[in-house]
1. Looking for whichever is surrounded by 12 or more Cβ atoms within 10 Å (Cβ to Cβ) and in contact with a helix residue (DSSP H, G or I) (Cβ under 9 Å, 6 or more places away or on another chain) here; the options are Tyr31, Tyr46, Tyr57, Tyr66. Which one fits?
2. I'd like to know if region 770-780 contains one or more residues that are touching a residue at least 24 places away in the same chain (Cβ under 8 Å), in a loop (DSSP other than H, G, I, E, B), of a type in the set (S, T, N, Q) and open to solvent by less than 30 Å² (accessible area, probe 1.4 Å).
3. Is it the case, given these coordinates, that Glu681 is open to solvent by 20 Å² or more (accessible area, probe 1.4 Å) and either in contact with a Phe, Trp or Tyr (Cβ under 7 Å, 6 or more places away or on another chain) or part of a strand (DSSP E or B) (or both)?
4. Ser726: modelled with pLDDT of 95 or more and open to solvent by 20 Å² or more (accessible area, probe 1.4 Å), yes or no?
5. With part of a loop (DSSP other than H, G, I, E, B), open to solvent by 30 Å² or more (accessible area, probe 1.4 Å) and modelled with pLDDT of 95 or more as the only criterion, which of Phe350, Phe309, Phe252 stands out?
6. Kindly provide the set of residues from region 290-306 that are within 22 Å of the chain's Cα centre (by Cα) and open to solvent by 20 Å² or more (accessible area, probe 1.4 Å), ordered by number.
7. What residue, among those in region 161-175 that are within 11 Å of the chain's Cα centre (by Cα) and assigned to a loop (DSSP other than H, G, I, E, B), is farthest from Lys706 (Cα to Cα)?
8. Which of the residues that make up region 696-719 are in a strand (DSSP E or B), buried (at least 16 other Cβ atoms within 10 Å of the Cβ) and under 24 Å from the mean Cα position of the chain (by Cα)?
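The values are calculated or read from the model by the stated rules, or taken from the named source; none is laboratory data. Computed from a predicted model, the values in this text were never measured in an experiment. Cβ placement follows ideal geometry from the backbone for every residue including glycine, while neighbour counts extend to all protein chains displayed. Only protein heavy atoms, including side chains, enter the accessible area calculation; ligands, DNA and RNA are left aside. Shrake-Rupley method; radii C 1.70, N 1.55, O 1.52, S 1.80 Å.
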Amino acid sequence: MFCWVPSIAQYQISGNIYDEKGKGIGSVDIYNQNNSQRLTADGSGYFLMDVPEKGTYKLAVFAFGYEVLEEIIEVNGQTTTDFILKKLSRNLSEVVILEQKEEVFNLKRLNPVEGTAIYAGKKTEVVLLDQMVGNKASNNARQIYAQVVGLNIYESGDAGLQLSIGGRGLDPNRTSNFNTRQNGYDISADVLGYPENYYTPPAEALREIQVVRGAASLQYGSQFGGLLNFKMKKPVRDKKVKLVSRQSTGSFNLFSSFNSLSGTVGKFSYYTYFHHKQGDGFRPNSEYNSNNVFTHLAYQVNEKTKISFDYTHLNYLAKQAGGLTDSIFNANPKFSNRTRNWFEVNWNLFALKLEKKISSKTDFSLTVFGLNARRSALGYRGDPIDLNANPVSVDDPVDESGSFTQERDLIIGEFKNYGAEARLLSRYKIKDKNAVFLIGSKFYRSRNTSKQGAGSIGTDADFDFKSELYPDYANQSDFKFPNLNISIFGENIFFINDKLSITPGVRFENIRTESAGTYNDVNFDNADNPIGNVLELDNRSLDRSFLLLGIGVSYRSSQNMELYANISQNYRSVTFNDIRVVSPTFVVAPDISDEQGYTADLGARGRWNEIFNYDVSGFGLLYADRIGIVLDDRANRVRKNIGKAFIYGLEMFVDANLLKAFKIDFKESKLNLFVNTALTESTYLQSEENNVQGKKVEFIPQLNLKTGVNFGYRNLLGSVQWTYLSDQFTDVENSPIPLDSDNRNGVIGEIPSYDVLDFSLAYTWKIMRFESGVNNLLNRSYFTRRATGYPGPGIIPSEPRTFYLTLEIKL
């Protein structure tokens with residue numbers, strides 16, 4: 001239920017944007033150069049902008065294919081004006097188009113208010129995909145997120161089928177510590193109990209990626225990492241049909257085909273694509289094949305109401321080469337001793353969205369979404385009976401004829417969930433001061449299942465259980481996980497004056513997580529013969545409610561500089577979804593519980609003399625009941641609540657326009673240097689576990705540096721990027737790399753420091769665009785992950801030197 005907020009008249013600029021023939025132009029950016037405010041006109045070209053006071057305002061209006069229009073508007077109350085944009089009389093070069101966007105608009109961060117969301121006082125970053133020069137065909141995260149500070153990335157060599165990013169000490173595995181969304185709705189397996197992401201949109205389909213750090217917990221859920229929102233490309237407004245076709249090839253038989261259609265017919269608009277990707281991988285037993293379809297349909301009912309529908313389908317099958325020990329990796333990082341491990345994903349996402357402008361000051365949105373998906377993992381990961389056996393270096397057992405003798409472990413998870421999120425945002429005044437109020441509510445229901453048991457003894461991708469053949473298989477379970485979440489959240493921007501704003505927020509959560517199912521308790525004698533097999537029931541239920549609070553402060557000392565600060569409570573729910581999944585490398589404590597803590601940011605961001613674009617900030621993260629892995633008294637690796645940790649650091653991003661800095665007037669040229677640095681420290685403040693207190697937190701390189709040069713002349717664009725991460729621990733006891741034949745060799749130990757150099761070029765000629773480059777130009781041998789389960793366990797090597805070549809055609 002939403003409360004009504006009265007609206008009081010204030011100063012506004014409204015109107016419509018037309019082309020020279022009098023036709024409305026939609027999705028046009030309007031930029032207020034007085035205070036860096038930006039908004040986008042709706043599909044018909046209508047816009048409404050609130051301004052703080054009467055006076056003179058300089059607006060800039062930008063749309064692709066049209067000349068930039070700058071107008072000075074006098075505002076005495078509610079002012080109405082129309083803009084007419086002229087078609088470009090000549091084709092602008094790639095460099096000029098990018099400079100227009102960068103110089104006229106500040107697009108690197110989110111505005112205080114966008115749609116029905118509030119970002120005031122938060123640390124936000126926006127990745128603009130149309131300005132990126134890099135390997136989009138392989139979803140190269142190292143290049144895509146090069147200008148997002150402090151991210152730690154797992155690189156698994158699967159051409160970007162899965163995204164695994166973390167930061168500030170958060171495990172990067174499948175981006176499970178971010179609230180991950182597409183066009184504003186959830187896309188992970190289960191937001192509460194299994195927030196891992198098996199689907200990642202292709203970079204070629206994205207307009208931008210929005211990253212909001214920990215303070216996003218109030219509006220988007222309780223994750224410590226914050227929000228990661230993939231924004232798909234919008235339908236083109238000036239054509240009924242626009243075709244974009246991108247065909248890419250690369251090392252290790254990579255082939256990627258991306259084809260999209262887009263257009264607008266009257267009030268109806270659409271954007272759809274089909275993406276096929278296949279390759280062999282750089283190691284034996286690592287081939288993959290995927291197909292991805294996305295469709296966005298929108299209907300502009302009138303200038304105040306819009307309805308849209310999204311459907312996403314992904315299926316892929318990947319063979320997994322398995323993990324390596326340190327000694328094997330050092331000898332041959334391309335080695336694989338797993339020939340029958342497979343992974344399959346089938347993902348279906350649905351979303352229906354209503355956007356309604358209730359009045360000139362009040363906006364409403366309602367999104368209904370759902371997921372129907374399946375994930376299957378099949379393979380030999382070690383002896384299912386002896387958890388102390390080394391699963392990394394032991395080969396699949398075979399008989400004298402070379403035939404395999406050990407059945408494979410099969411895990412199938414099915415994810416069925418649905419939800420609805422409603423938001424109401426209203427602009428109003430307190431006396432003569434502006435204010436913005438947001439209230440929202442979310443309902444989320446999931447009914448997931450997880451089944452584990454014996455798979456086939458063969459080598460093919462057979463995802464059928466063979467329980468009748470192997471009734472005494474050690475790891476068998478069959479569970480249902482019904483989860484329910486109801487939340488209410490609200491934020492309010494109070495503008496104290498034209499420079500200072502304060503944004504308090506609150507979120508109430510009610511979470512009920514349940515598990516209902518059975519598992520087989522199988523006992524074996526010393527000769528590994530089964531001597532008992534008992535079916536055990538395991539039904540649990542946990543209901544909790546809690547309140548999260550936060551506050552953000554923004555002080556804009558000038559048009560080009562802003563100071564910001566925020567602090568917010570965080571909470572990460574743990575359910576029983578993966579507790580009964582048995583791994584030969586670790587077990588899960590039955591009393592594992594939720595994590596909670598605080599995140600805070602303090603920083604300055606802005607521009608200086610149109611030369612530097614910067615964001616420098618310090619952060620702190622207090623993490624209570626942090627989950628980690630320790631050895632028990634039987635040498636088993638146990639996943640459980642470890643203790644309280646504190647993570648803090650300095651994050652800095654600077655982008656310098658070198659041509660302007662040195663006053664070099666090269667027409668239609670670009671030369672920018674960026675430096676992206678995170679210095680991070682951490683410590684476990686307290687723990688009941690031995691050998692943990694005082695140790696550093698895992699997944700944290702002390703230095704995380706990405707730097708490079710983006711350059712261009714006319715239609716030729718290029719980038720050179722260097723990435724360096726110092727060493728980092730992977731377990732709470734800060735175990736070093738074993739020097740002997742330790743049976744955990746490969747699973748535990750440090751990730752050594754590494755550096756990678758990437759080079760990319762792009763050239764546009766008429767309707768065609770050519771892209772090419774080399775990743776890992778210096779052919780470094782390195783790894784970013786020690787896996788405890790799939791796709792390992794063990795060291796997962798990163799790709800050696802690879803190349804790619806793309807041809808894009810637009811019609």
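1. Sole residue among the options that is surrounded by 12 or more Cβ atoms within 10 Å (Cβ to Cβ) and in contact with a helix residue (DSSP H, G or I) (Cβ under 9 Å, 6 or more places away or on another chain): Tyr31.
2. Looking through region 770-780, at least one residue is touching a residue at least 24 places away in the same chain (Cβ under 8 Å), in a loop (DSSP other than H, G, I, E, B), of a type in the set (S, T, N, Q) and open to solvent by less than 30 Å² (accessible area, probe 1.4 Å).
3. Spelling it out, Glu681 is indeed open to solvent by 20 Å² or more (accessible area, probe 1.4 Å) and either in contact with a Phe, Trp or Tyr (Cβ under 7 Å, 6 or more places away or on another chain) or part of a strand (DSSP E or B) (or both).
4. no
5. On the way: Phe350 fails: part of a loop (DSSP other than H, G, I, E, B); Phe309 fails: part of a loop (DSSP other than H, G, I, E, B).
The conditions single out Phe252.
6. Narrowing region 290-306 to residues within 22 Å of the chain's Cα centre (by Cα): 290-296.
Result: Asn291, Val293, Thr295, His296.
7. Taking the candidates together, the pick is Gln162.
8. Asn704, Leu705, Lys706, Thr707, Gly708, Asn710, Ser719
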